[in-house]
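The values are calculated or read from the model by the stated rules, or taken from the named source; none is laboratory data. For clarity, every value in this text was computed on a predicted model and none was experimentally measured. Positions of Cβ are backbone-derived with ideal geometry, glycine not excepted, and every protein chain shown enters the neighbour counts. Keep in mind that these areas ignore ligands, DNA and RNA; they rest on the heavy atoms of the full protein, side chains included. Shrake-Rupley method; radii C 1.70, N 1.55, O 1.52, S 1.80 Å.
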Amino acid sequence: MWLTRLLAFSAGAVNALGFLSLGGVFTSVVTANSAMIGIGLGGGRPAFGALAGLAVLGYVLGAAGGSWTAARAQRSAPAAGFLLLEAVLLWTVAVWWAAADGHPGGAARTVMLGLASAAMGCQNAGVRVSLGAHVATAYLTGMLTQAVAEAVTRRRLQRRALMTVGLLICGAAAFALLGRWLPGVAGMLPALLVTGAWLTWHAPTRADPATSA
């Protein structure tokens with residue numbers, strides 16, 4: 001349970017980082033970013049559309065890497081390689097963020113957006129391959145739709161879905177607050193959370209990854 005909680009919280013923080021500090025686009029919401037590409041093209045804002053396109057490209061590359069590492073781990077060992085890859089990407093962003101004192105700009109901001117988006121793609125794909133399509137930590141549209149459908153048709157409340165949405169909101173709020181009061185260290189929050197998730201996966205008491213989800 002703690003594994004997916006930490007990842008959902010981190011996803012909120014990373015999306016807030018992208019929207020508030022890396023160009024006004026999201027890092028894991030491909031639907032919104034795709035619409036922003038269209039807005040950039042049709043609204044005469046090519047730079048904005050290019051940033052949204054970079055976020056989508058980074059997400060796709062990260063998803064490919066996360067899928068490959070998760071599938072490889074399943075065949076050889078129970079290690080969560082996709083979490084390690086995601087942590088490396090987010091720590092790279094965190095170091096760059098600290099070097100810019102919480103105010104990245106220019107090429108650094110663009111590269112950081114690509115890395116953060118890749119981290120979210122890695123997380124979503126890795127969780128899907130390792131824990132199954134029913135577990136979501138950053139892609140919430142389908143999960144929330146299913147929860148509403150279950151509530152209406154079967155009178156069944158999916159508490160996990162509501163908790164995940166709440167954790168993502170809290171993660172975004174936490175980053176926004178840190179960005180206001182401690183901007184120099186706010187970029188470390190997602191990296192610390194994913195590192196915590198990786199440690200949770202490898203905890204000595206872990207019997208099965210699914211039981212931690």
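Might you let me know whether the range 79-100 holds any residue that is touching a His at 6+ places or on another chain (Cβ under 9 Å), in a loop (DSSP other than H, G, I, E, B) and open to solvent by 10 Å² or more (accessible area, probe 1.4 Å)?
yes
Cβ-Cβ under 7 Å, sequence separation 6+ or interchain: first residue in the range 103-119 and within 9 Å of Val93 (Cβ to Cβ) and basic (Lys, Arg), partner open to solvent by less than 20 Å² (accessible area, probe 1.4 Å) and in a helix (DSSP H, G or I). Which pairs?
none
Which numbered condition trips up Thr145, out of (1) assigned to a helix (DSSP H, G or I); (2) in contact (Cβ under 8 Å) with a residue 60 or more places away in the chain; (3) open to solvent by 80 Å² or more (accessible area, probe 1.4 Å)?
Answer for Thr145: the failing condition is (2).
I want to confirm something. Restricting to the range 39-50 and keeping residues that are of a type outside the set (Val, Ile, Thr), part of a helix (DSSP H, G or I) and open to solvent by 40 Å² or more (accessible area, probe 1.4 Å), which single residue is farthest from Pro183 (Cα to Cα)?
Gly42
Of the conditions (1) buried (at least 19 other Cβ atoms within 10 Å of the Cβ); (2) over 17 Å from Ala118 (Cβ atoms); (3) modelled with pLDDT under 95, Gly23 fails just one. Which one is it?
(2)
Okay, residues lined up against (1) open to solvent by less than 30 Å² (accessible area, probe 1.4 Å); (2) among the small types (Gly, Ala, Ser); (3) touching a Lys or Arg at 6+ places or on another chain (Cβ under 7 Å); (4) without any contact (Cβ under 8 Å) to a residue 24 or more places away in the chain:
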site: Cys122; (1), (2), (3), (4): yes, no, no, no
site: Gly132; (1), (2), (3), (4): yes, yes, no, no
site: Thr141; (1), (2), (3), (4): no, no, no, no
site: Val152; (1), (2), (3), (4): no, no, no, yes
site: Ala172; (1), (2), (3), (4): no, yes, no, no
site: Val185; (1), (2), (3), (4): no, no, no, no
site: Val194; (1), (2), (3), (4): yes, no, no, no
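Please verify whether the range 21-28 includes one or more residues that are of a type in the set (A, V, I, L, M, F, W, C) and part of a helix (DSSP H, G or I). Before the answer, list the steps.
Applying the first criterion (of a type in the set (A, V, I, L, M, F, W, C)) to the range 21-28 yields 22, 25-26.
This time we only want the ones that are part of a helix (DSSP H, G or I), so: none.
Checked the range 21-28: no residue is of a type in the set (A, V, I, L, M, F, W, C) and part of a helix (DSSP H, G or I).
Could you check Ala32 against (1) at negative phi; (2) in contact (Cβ under 8 Å) with a residue 60 or more places away in the chain and say which number it fails?
Of (1) at negative phi; (2) in contact (Cβ under 8 Å) with a residue 60 or more places away in the chain, only one is false for Ala32: (2).
Among Leu85, Leu89, Leu140, which is the only one that is modelled with pLDDT of 95 or more and either acidic (Asp, Glu) or under 18 Å from Phe26 (Cα atoms) (or both)?
From the options Leu85, Leu89, Leu140, the qualifying one is Leu89.
Within the range 51-73, does at least one residue satisfy the condition of being small (Gly, Ala, Ser), more than 21 Å from the chain's Cα centre (by Cα) and assigned to a helix (DSSP H, G or I)?
no
Could you say whether any residue in the range 114-132 is modelled with pLDDT under 95, outside any helix (DSSP H, G or I) and within 21 Å of Val30 (Cα to Cα)?
Checked the range 114-132: at least one residue is modelled with pLDDT under 95, outside any helix (DSSP H, G or I) and within 21 Å of Val30 (Cα to Cα).
Here are Phe19, Phe48, Phe82, Phe26: which of them is touching a residue at least 40 places away in the same chain (Cβ under 8 Å) and within 28 Å of Ala173 (Cα to Cα)?
Phe82
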